[in-house]
1. Hand me the list of helices (runs of 4 or more DSSP H) wholly inside region A:69-125 holding 3 or more residues that are closer than 15 Å to B:SER230 by Cα and more than 8 Å from chain B (Cβ to nearest Cβ).
2. Out of curiosity, is A:LEU180 open to solvent by less than 20 Å² (accessible area, probe 1.4 Å), modelled with pLDDT of 90 or more and within 14 Å of another protein chain (Cβ to nearest Cβ)?
3. Based on this model, can you work out whether A:LEU135 counts as open to solvent by less than 50 Å² (accessible area, probe 1.4 Å) and either out of contact with any Ser or Thr (no Cβ under 8 Å at 6 or more places or on another chain) or within 25 Å of A:PHE53 (Cα to Cα) (or both)?
4. Taking only region B:169-205 into account, find how many residues are within 30 Å of A:PRO89 (Cβ to Cβ) and more than 14 Å from chain A (Cβ to nearest Cβ).
5. When you look at A:TYR223, is it open to solvent by 40 Å² or more (accessible area, probe 1.4 Å) and either among the basic types (Lys, Arg) or more than 30 Å from A:GLY42 (Cα to Cα) (or both), yes or no?
6. Could you list all residues from region A:74-98 that are more than 23 Å from the chain's Cα centre (by Cα), surrounded by 20 or more Cβ atoms within 10 Å (Cβ to Cβ) and more than 17 Å from A:ALA115 (Cβ to Cβ)?
7. Count, please, the residues in region B:153-178 that happen to be touching a residue at least 12 places away in the same chain (Cβ under 8 Å), surrounded by fewer than 16 Cβ atoms within 10 Å (Cβ to Cβ) and in a helix (DSSP H, G or I).
8. (1) under 25 Å from the mean Cα position of the chain (by Cα); (2) hydrophobic (A, V, I, L, M, F, W, C); (3) within 14 Å of another protein chain (Cβ to nearest Cβ): which one isn't true of B:ALA216, the others all being true?
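The values are calculated or read from the model by the stated rules, or taken from the named source; none is laboratory data. As the structure is a prediction and not an experimental result, all values here were calculated from the model. Here the Cβ positions follow ideal geometry from the backbone for every residue, glycine too, while neighbour counts run over all protein chains shown. Protein only, heavy atoms only, side chains kept; ligands, DNA and RNA dropped before computing areas. Shrake-Rupley method; radii C 1.70, N 1.55, O 1.52, S 1.80 Å.
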Amino acid sequence: MTNAVTFHKVSRHYGKVKAVDAVDLSIAEGSFFAMLGPSGSGKTTCLRLISGFEKPTAGEIRIFGQDVSDTPPNRRSVNTVFQDYALFPHMNVRDNVAYGPMVAGVGKTERYAKAEEMLALVKLDGYGDRKPGQLSGGQRQRVALARALVNEPRVLLLDEPLGALDLKLREAMQDELKALQKRLGITFVFVTHDQHEALSMADQLAVFNEGKIAQIGSPSEVYDRPATPFVANFVGSSNVLPPSLTAQLGGAAAWASLRPEAIRLVAKGKGKMNGTVAALRYLGAGSRVSVMVGETEIAALVPAGEAAPEAGAEVGITFETSALHVMAGS
Amino acid sequence: MSRSAILPNRGLADRLSALFWRRPRVLLLLLITPPLLWLGVVYLGSLGALLLQSFYSIDEFSGVVVEEFTLKTYGELFRAANMDIILRTLTMSASVTLASAVIGFPVAYFAARFARGRWKAVFYLGIMLPLWSSYLVKVYAWKLILAKEGIITWAADSVGLGFLLDAVLALPGVGGNSLSTSFIGTWLVFVYVWLPYMILPMQASLERVPVSMLEASSDLGATRGQTFRSVILPLAMPGVIAGSIFTFSLTMGDYIIPQIVGTSARFIGQAVYQLQGTAGNIPLAAAFAVVPILIMLVYLSLAKRGGAFDAL
């Protein structure tokens, strides 16, 4: 299978700031690929490098094997759903969606038929005559999606498309986007800073940190076997154990990660180590308990049914040794 | 003792704030009454008086204003000589507006899109600085620049392009003896003097066009030209229209520039000036003054119908 997008040692530097630094990346055709990272980590710049709004200062980008170094955005078979949707406020929904075919020279009847088809795809049939200003955030998002899909792009880029929606709507859209991607078979590249979103939607995800990719893999790979303390921390808010503590617990003297839900709290002296409960946070489905083991703070997840200890209590901590994941990075 | 939940009253300012909070309309009324008096009574009142005057006529023998309703004065506007004045003014206003828009757009676009920090200040200074000096000084300066003995003729002659200038001046209708005594000269000075009034509103409207919108257009396959026509221009249109209202109406009402630079052919402003002054024909002066108002109304309704305000 060919790769939809390939980065070979791609950098985008702004003077001394290395927004993207020597990134190697390949995105498989037909996959749902997420770029995850905190703001300023280079994920959005990578997306803009694919769409052509940014030019790499070094390296080579290929889209379906073709070098796009000299191809402007309007000639790439790549379309974008913008973070702010960027709908044209002076056009109605139908003209917005038909914009791509319009600039390609498609006649009015044909492009309007196409626009209606796309609007039906995103469940907005009958909204063609409205102006973007008359739509809700979720509807605008669908229009942006329809507009980006109308040109039948080979790669669809989504720049934090769900960021502005409220929780319920966001969850519904996540399912819908996933279903749409499966149905259309187009490669989706999705930028987000929301770990849960990336984990639940992506086939593959890349975790960005300071202009570099910290880890690429399937969601379960990244979640269960984080490559670096940063990934462990950022994805799934794992506990990161310093080498000294890992060694004390029977592992090698290296950084290790331990997921909160893998930990069970037992009576003092009955576990692998002892600590003091520093704080409790009620999460609905359970409680997140912070336990101080020496200088290190370890978070444990206590399910709702079980009794959570009180702050200040001395507790023991235990877990399956296999849950302790030793990382390569520092 | 526990603290009171209500903070102590500190005097008049607190009492006023409380009053405005209880009755928000009082504040609104206080704020808009003075401008309403000014606009409603003084401005609209005098406009009404002007309109009224235009329906009177002048007794041709005695030169006394006859205060009886008649359309005779408006009829006089259609006399060939007066129609000439109106058409000349209209053509000049339209071409000044068009030129200002064409020259001003790149400047406004640059300022809105690329100028940041210091360059933004340079832009504003560059646009505003000419407005700080007297209008008359600028017009007289232009008269010298455009004169037969002026720098333009001299520069054209010294680089051997004198023939080009002569060819331009030989154009029928708009040419003349020298730039300072031709319509081309009048037009140049008008464009120079009103250009800032076109650039500033255009810049303001261009600044409100998000970059992502231009990127979306390009992303969907549009060339630069298509993006300009389908996205930038429609979104900047309210600013262009606002600017054109300035350049158009300022040109239509001006009587000083064509008097200093240009031919002896009159514009509406000059006609009004002479009719109400030397000729003492207030009704015809008033009728002439109504023409620009009508033209602006027609212009704005055409612009509205053309969708110029859709982006508002």
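1. Numbers: elements: A:93-97, A:99-103, A:108-121.
Of the helices (runs of 4 or more DSSP H) lying wholly inside region A:69-125, those with at least 3 residues that are closer than 15 Å to B:SER230 by Cα and more than 8 Å from chain B (Cβ to nearest Cβ) span A:93-97.
2. Against the criterion (open to solvent by less than 20 Å² (accessible area, probe 1.4 Å), modelled with pLDDT of 90 or more and within 14 Å of another protein chain (Cβ to nearest Cβ)), A:LEU180 does not qualify.
3. On the way: open to solvent by less than 50 Å² (accessible area, probe 1.4 Å): yes; either out of contact with any Ser or Thr (no Cβ under 8 Å at 6 or more places or on another chain) or within 25 Å of A:PHE53 (Cα to Cα) (or both): yes.
Yes: the conditions hold for A:LEU135.
4. Taking region B:169-205 first, the residues within 30 Å of A:PRO89 (Cβ to Cβ) are B:194-205.
Now narrow it down to the ones that are more than 14 Å from chain A (Cβ to nearest Cβ): B:194-204.
Looking only at that region, the number is 11.
5. Details: open to solvent by 40 Å² or more (accessible area, probe 1.4 Å): yes; either among the basic types (Lys, Arg) or more than 30 Å from A:GLY42 (Cα to Cα) (or both): no.
Taking the combined requirement at face value, the residue does not satisfy it.
6. Residue satisfying the conditions is A:ARG76 alone.
7. 1
8. (1) is the only condition that B:ALA216 fails.
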